[in-house]
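Asker: Take a look at this one; I'll ask things after.
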Amino acid sequence: MQEKDKDKEKREPDRLDQEDTGNSEATEKESDSFLVLEENSEVPLSDTSKWNFTELEKVLEEQGELAQDESEAHAEIEPSATSEEMKQDTELQDIKQTKHDASRLASDSEESQESEVDEDSFLQNLHQETRSTLLTNEEELVDSKKEEDLSTKNLDSEKRSAKKTKKWFVSALAFLFVLGAVYLWVTQDASNNPRASEEKVKVPPQKITLTAKGKNFELDLRTIGYDGKDATKIDQKKLAAWLDDVKKQVDIPMKNASQKKVGTPITPEQAGSVVDVQTVQEWLTDIKSMVNQTKELPFITVEPQVTTKDIEKASSKLVGSFKTTFDPGNENRTINIKKSSETIDGLVLLPGEEFSFNKVVGERTVARGYKKAGVIVKGELAEDIGGGICQVSSTLFNSVDRAKVQITRRISHSKEVPYVPPGRDATVSWGGPDFRFKNSYNKPMVIRITVSGGTIQINTYTAPGAERGKTQPLPPEKFSKSTDSGAKSEKDRSEKETKTP
């Protein structure tokens, strides 16, 4: 029975809807159908959001009860009610479907509203996040700008500092330039006006006066740096140069007896009288005591080392001898040997004096009587002017070497020669190799050469009592150090062999 009631309830709204549908045929042309829930209250069917489902249920129940009553009343009269019920069931199903659709639409609407709310919330959150990001970026930009401003300020500060330093440096340079110009002007003025300079410094005269042999020599020490107090300011080179000049004017140098060759006139010896350099140097250690004082120069006597007697006896003591042979049939070579030997024979060498073959013999030329003869050129035999004189120089070397003198220069031939043992030769060439030795005795030496037939005999002599290496020391010749001590008597030439007779 209850199921039947429910069916009636379902069918009654369907029927009512059908009646309403029939009654509203006039309004079918409108865009929406209306559902009448109460008197004078119509709701469009399409607008489910405005449906009042409570009222709708009540209406449906009432209509269902009425339909049930009518159905019972007409059940017996109308046998065709079954088909009518079926129709109503169909309509009721349509109403339920419509209700279900309306409910679904309402749910969708609510979901749509919630979706809108969610979308609004999302947009709001997005807006907030965007704003926060913009604020963060803006803060970063502000910080970056602050850093840039700070960096710019630091850079400007460094530029200002550099500019200030540069300005200071330029000012300093300008000041130093002006100061230097003033200094140069003052010093130049003082040098151009010595009296004015003296007046400014107010240094009294600082003179030393030396006398010798009736002559006076005066030096104002102010001109060489002395200020009257500090003697270390004196220019020692200028002082020594002045003293050397004075010494040169008053010295009487010692002279040894001399003779160029045996048989030529002898120049007699002469004792010397020279300034005692060592004593004067001792004075200069206390130069203040010499200022504005007159001092007599001290002299010492220098005795000669070689006397006339020594020269006369220089050929008395034989200290070295050597002999070689040659072919007298070679006329040109014999002429060259004799001519060079004649130039050397009888030569007198004083103690310490150096002999040079090229210097003594001179250049070998046709004009001087030399002939073409055999020579050795780079190990090969050839002919040239002066061929044969190397036998003279080689014989001389062996003679003086036996006298134990100092050999200062000697070069052997590029090829062995037959007239002396191997390694005992001395080649010579004008402008090339030379043979030199020094008298190591304290007495004169004499070189005597004899050429006879095909033999060269060279003897070395000295005076009796002569000793090697015992020369008498001489006093200093200058106050200043000699710049040419140890200089050779002749400029060294290349020892490269050119033509060696």
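The numbers here are math on the coordinates, done by the rules we state, and not lab data. Just so you know, these numbers come straight off a predicted model, no measurement behind them. Please note: Cβ atoms are built from the backbone with ideal geometry, for glycine as well, and neighbour counts cover all protein chains shown.
Asker: At 7 Å along the Cα-to-beta-carbon direction for both ARG424 and ASP94, put a label point, then send me their distance in nm to one decimal.
Answerer: Between ARG424 and ASP94, the label points sit 16.5 nm apart.
Asker: Can you tell me how region 207-302 classifies by the Cα gyration tensor, rounded, prolate or oblate, using a/c under 1.5 as the rounded cut?
Answerer: Since a/c reaches 1.5 and a/b is larger than b/c, the shape of region 207-302 is classed as prolate.
Asker: If amide H atoms are built 1.01 Å from N in the plane of the peptide, which residues on other chains or at least 5 residues away come under 5 Å of the amide H of ASN330?
Answerer: Sorted by chain and number, the residues that satisfy this come to none at all.
Asker: While we're looking at this one, here's another question. What is the spread of the Cα atoms of region 273-425 along each of their three principal axes, largest first, in whole Å?
Answerer: 79, 36, 33
Asker: Could you size up the charge dipole of region 207-302 around its Cα centre, putting +1 on the beta carbon of Lys and Arg and -1 on that of Asp and Glu, and report it in debye to the nearest 20?
Answerer: Here the size comes out at about 320 debye.
Asker: Spelling out what I want: for every residue of region 437-450, take phi, set θ = phi - 60°, compute 6.51 cos²θ - 1.76 cosθ + 1.60 (Karplus), and round to whole Hz; glycine and proline get x.
Answerer: The phi angles translate into 8, 10, 5, 8, 8, 8, 10, x, 10, 10, 9, 10, 10, 10 Hz.
Asker: Additional query: Quick one: 3J(HN,Hα) in Hz for region 258-263, Karplus 6.51/-1.76/1.60 with θ = phi - 60°, rounded, Gly and Pro as x.
Answerer: Working through the residues one at a time gives 9, 7, 6, 9, 4, x Hz.
Asker: Search the structure for amide H atoms under 5 Å from the amide H of SER414, placed 1.01 Å from N in the peptide plane, and list their residues when 5 or more places away or on another chain.
Answerer: Hits under the 5 Å cutoff: GLY379.
Asker: Of THR334, ALA367, VAL451, which is farthest along the charge dipole of region 308-462 in the positive direction, counting Lys and Arg as +1 and Asp and Glu as -1 at C-beta?
Answerer: The one lying farthest along the dipole's positive direction is VAL451.
Asker: Turning to a different aspect of this structure: For a 23 Å ceiling on Cα separation, which of these pairs sit above it: LYS317/LYS470; LYS248/LYS359; LYS247/LYS309; LYS213/LYS233; LYS338/LYS359; LYS260/LYS338?
Answerer: Pairs exceeding 23 Å: LYS248/LYS359; LYS247/LYS309; LYS213/LYS233.
Asker: With only alpha-carbon atoms counted, please give the Rg and Dmax of region 311-352, in Å.
Answerer: 14.1, 40
Asker: Taking amide H atoms as placed 1.01 Å from N in the peptide plane, list the residues 5 or more away in sequence, or in a different chain, whose amide H sits under 5 Å from that of THR455.
Answerer: PHE326
Asker: Taking the Cβ-Cβ separation of GLU282 and GLU354 as r and a Förster radius of 35 Å, what is the calculated FRET efficiency to the nearest 0.05?
Answerer: 0.50
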